[in-house]
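J.: If you scroll down you'll find the structure; I have some questions about it.
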């Protein structure tokens with residue numbers, strides 16, 4: 001059982017289990033419900049510089065991609081959360097597959113296993129914040 005608590009910087013969550021368990025799965029979706037449209041327009045206008053003007057189709061495609069990655073994906077967190085809890089096992093399996101494949105793409109292996117663990121963990125943490133699976 002969980003509930004949202006108002007906190008100094010947004011919301012916090014509190015969870016209480018009916019009985020002790022070995023594993024707990026917690027689902028969360030980050031996001032925003034609105035954004036500064038003027039700032040987004042100004043930021044995208046930076047792509048209208050002279051070098052990009054010779055490739056207008058590519059520039060426009062880049063603007064759409066920028067908007068999708070930095071704004072659109074963050075919108076409507078409630079609907080994303082609803083989709084997540086509608087099929088939690090499927091969502092968990094998709095996230096696990098994604099992170100397993102990311103870890104296998106690039107892995108540091110040195111004679112020092114502690115250094116390997118530190119570098120590989122830091123890389124995963126950095127990727128988490130840029131990923132679609134940061135649920």
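J.: If we restrict to alpha carbons, what Rg and Dmax does the stretch 34-75 come to, in Å?
T.: Looking at the stretch 34-75, its Cα Rg and Dmax stand at 10.9, 33 Å.
J.: Return the distance in nm (one decimal) between the two label points of a simple spin-label model at residue 48 and residue 61, each offset 7 Å from Cα along Cα→Cβ.
T.: Result for the modelled spin labels: 2.2 nm.
J.: Can you tell me the 0 to 90 degree angle between the C-alpha axis of helix 113-128 and the longest principal axis of the chain, rounded to 10?
T.: The angle comes out near 60 degrees.
J.: So what's the projected area for the stretch 1-122, the Cα convex hull averaged over all directions, in nm²?
T.: 13.1 nm²
J.: If you average 1/r over all unlike Cα pairs in the stretch 1-56 and invert the result, what Kirkwood radius do you get in angstrom?
T.: 16.1 Å
J.: To continue, here is another question. Which one of 76, 122, 89 has the biggest mean-square fluctuation once the chain is modelled by GNM with Cα springs under 10 Å?
T.: Among 76, 122, 89, the largest mean-square fluctuation in the Gaussian network model of the chain belongs to 122.
Read the figures in this text as sums done on the coordinates, not as results from a lab. All values derive from a computational prediction rather than experimental measurement. Heads up, the Cβs are rebuilt from the backbone with ideal geometry, glycines too, and the neighbour counts pull from every protein chain shown.
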